[in-house]
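Taking it in order: structure first as structure tokens, then the write-up.
The values are calculated or read from the model by the stated rules, or taken from the named source; none is laboratory data. These numbers come from a predicted model, not from an experiment. Here the Cβ positions follow ideal geometry from the backbone for every residue, glycine too, while neighbour counts run over all protein chains shown.
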Amino acid sequence: MTDRSDFRDAAVRVLDHEDVEGVLRSRFYANDAPRPAPNLASEQKPTHYKVICISMYTNDLRRLDEMVDSLKARGLTKANRSALIRYALSAVDLEQVPRGL
């Protein structure tokens with residue numbers, strides 16, 4: 001069985017003590033350590049939509065997927081869950097929604 005001293009000895013052979021100390025001093029222990037410039041492209045988030053998480057019953061998801069598959073079979077190749085839910089939202093009549101929703 002290998003003991004911890006074998007691992008320590010291997011680490012010492014691979015990692016130069018001065019290199020490790022230099023990195024720690026310049027990156028972790030220094031208050032004025034240079035920081036990478038922020039990537040502005042990744043910080044700009046879209047404002048016209050949001051990703052959300054909702055819970056749905058598995059039967060409802062199965063039905064939704066069947067509806068999407070049916071639309072795709074009719075030639076609506078861009079049909080997906082989100083598009084179908086958005087369409088349903090635009091078509092709902094709030095006056096017709098039952099009270100016990």
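Restricting attention to the stretch 62-84, the residues being in a helix (DSSP H, G or I) and either touching a strand residue (DSSP E or B) at 6+ places or on another chain (Cβ under 6 Å) or surrounded by fewer than 13 Cβ atoms within 10 Å (Cβ to Cβ) (or both) number 7. The number of residues in the stretch 1-28 being modelled with pLDDT of 70 or more and not in a helix (DSSP H, G or I) comes to 2.
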